[in-house]
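For reference, the structure is listed below as structure tokens.
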Amino acid sequence: MLDQTTNLPALLKDATLLESRAYVNGSFIESAKTFEVTNPARGDVIANVTDLSRADVGKAIDAAFEAQKDWASWTGKERANVMRKWFDLIMENQDDLGTIMTAEQGKPLAEAKGEVAYGASFIEFNAEEAKRVYGETIPGHARDKRIMVLKQPVGVAASITPWNFPIAMITRKAAPALAAGCTFVARPAAETPLSALALAVLAERAGIPAGVFNVTPSSSASEVGKEFCENEKVRKITFTGSTEVGRILLRQAADQVKKCSMELGGNAPFIVFDDADIDEAVEGCIASKFRNNGQTCVCANRIYVQSAVYDEFAEKLKARVKDMKVGDGLSDEAPDMGPLISSDALEKVQAHIRDAQSKGAKVIWGSQNDEMEGNFFGPTIVTGATQDMAFATEETFGPLAPLFSFENEDDVIAMANDTIFGLASYFYAKDMSRVWKVAEALEYGIVGVNTGLISTEVAPFGGVKQSGLGREGSHHGIEEFLEMKYVCLSL
Ligand SMILES: NC(=O)C1=CN([C@@H]2O[C@H](COP(=O)(O)OP(=O)(O)OC[C@H]3O[C@@H](n4cnc5c(N)ncnc54)[C@H](OP(=O)(O)O)[C@@H]3O)[C@@H](O)[C@H]2O)C=CC1
Ligand SMILES: O=C(O)[C@H](O)CS(=O)(=O)O
């Protein structure tokens, strides 16, 4: 760890954004317990955050339940107006929100500010969707029958979100929920609650009514998850995180048949065909693989390169990666990548490298990592990757780029699809017949063609197979928070 402490209030223009209390029913509240939040780059404690119990979270759910009917009675435009104010306040405070995020999550400041804008875009987009929750009429099945279809809010929605995108994973859920007329209880990851609480500060300033948006930090995710799943006032569970935790929540939610949205793990293939623009493919690979230090569910996890261009791609990727800087996201050096979130995350990357080497892979860049301290680990490239290595079935969630070689389309599509996951996939090719065939053959919810970046608020983000259920973003995202009611009117 770096031997430096983080004086977070001194780094902020508006230190009141640094909130460590829970936000319930329009008030910031404390409890008898707190838990520590640390800076993953330096290891120092940056805040002691209110640690809500399961019973405390139950009270937040009560508040959301009481507020929901009135919130749903607002017109779409009225909800849109306060959501737009929330968006404006987030963007006005982008620098401070970025600093808070870098301090608790580690990503470089520029990347954190980028996430603030990305997260805010879901509020901006869904504020407009609030005005367009349309029903329909259907020609009756008899002369005296008239059919109407109404769209109505589900009710109280509850979220559990991961540490890797401390703002965007919350707003990608809360924005469509509020737009639909639902109320919301957000349980942020224990590693990164400060960003969520800063969102609450700004929601209150925007005029979002008490009880509509609640943030319930807690050190016990499992207890909060059980409360969300067992409390009958919660009608919607929305989760982003690992597939194993998604399975736990789905099992728990099954007893009351709760609506669930699941954005789960991935294992993205990144395929470079021999007709690709290799320089473009290298840039796309870097953008996908090393974004957030490889800690995203849509990062390239397996890089398949057709044999005729394998050596060229490997050398060009290495040449670019060698220039990438790793360091403290808050430092003036403005590194390309910060630390990994924890020592466990670091150990997983190192274990994947050891496993690959034991099965014949070769590290062509990254060997200098042994001298790095704390949670820092530099971008690493291995060649000679094969399907029997750990990263072929497990998500590395770190800056490791394994290069696999392949001969033809059928082989690489079979290898790419040989996983329980189906979230994001990418490939580079110029031949349009190949582009269509491969895009249709990949068993994934998202396919990036000649690009390594696919994340936007205007597109439906989500996975197939064991990468999840439902979609977030786009005009589809709000449907996850709406019920469809069929009204049959007899004249
Ligand atoms: N599809 C997607 O969009 C995304 C998927 N992921 C996936 O998540 C994993 C990495 O993120 P990570 O945060 O470690 O994932 P986890 O699934 O471990 O944690 C995600 C969230 O779930 C909470 N949690 C953990 N156990 C339980 C439980 N039993 N009941 C309820 N909640 C629980 C965690 O709390 P706490 O952290 O406090 O323990 C955290 O807030 C990777 O597999 C990655 O692919 C991550 C981000 C996005
Ligand atoms: O948590 C994640 O990995 C995000 O879902 C990826 S993205 O939407 O920010 O690309």
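The values are calculated or read from the model by the stated rules, or taken from the named source; none is laboratory data. Everything numeric in this text was worked out from a predicted model, so none of it was measured. Counting neighbours? That spans all protein chains shown, and the Cβs are built from the backbone with ideal geometry, glycine included. Please note that ligands, DNA and RNA were not included when accessible areas were found on the heavy atoms of the full protein model with its side chains. Shrake-Rupley method; radii C 1.70, N 1.55, O 1.52, S 1.80 Å.
Numerical summary
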| quantity | calculated |
| --- | --- |
| Filtered residue count, the stretch 70-101, keeping only those that are assigned to a loop (DSSP other than H, G, I, E, B) and buried (at least 16 other Cβ atoms within 10 Å of the Cβ) | 2 |
| Per-region count, the stretch 347-389, residues of a type outside the set (Val, Ile, Thr) and within 17 Å of residue 324 (Cβ to Cβ) | 12 |
| Count - residues of the stretch 210-254 that are assigned to a helix (DSSP H, G or I), surrounded by fewer than 20 Cβ atoms within 10 Å (Cβ to Cβ), of a type outside the set (A, V, I, L, M, F, W, C) and away from ligand 2 (no atom under 16 Å from the Cβ) | 7 |
| Residue satisfying all of: in the stretch 37-69; of a type in the set (Ser, Thr, Tyr) and assigned to a strand (DSSP E or B); least open to solvent (accessible area, probe 1.4 Å) among these | 50 |
| Listing of strands (runs of 3 or more DSSP E) fully contained in the stretch 128-202 that carry 2 or more residues being within 16 Å of ligand 2 (Cβ to nearest atom) and open to solvent by 10 Å² or more (accessible area, probe 1.4 Å) | none |
| The one condition in (1) β-branched (Val, Ile, Thr); (2) open to solvent by less than 20 Å² (accessible area, probe 1.4 Å); (3) out of contact with any His (no Cβ under 8 Å at 6 or more places or on another chain); (4) in contact (Cβ under 8 Å) with a residue 40 or more places away in the chain that residue 420 fails to fulfil | (2) |
| Candidate set from the stretch 266-314 (those that are assigned to a helix (DSSP H, G or I) and aromatic (Phe, Trp, Tyr)); member that is surrounded by the most Cβ atoms within 10 Å (Cβ to Cβ) | 313 |
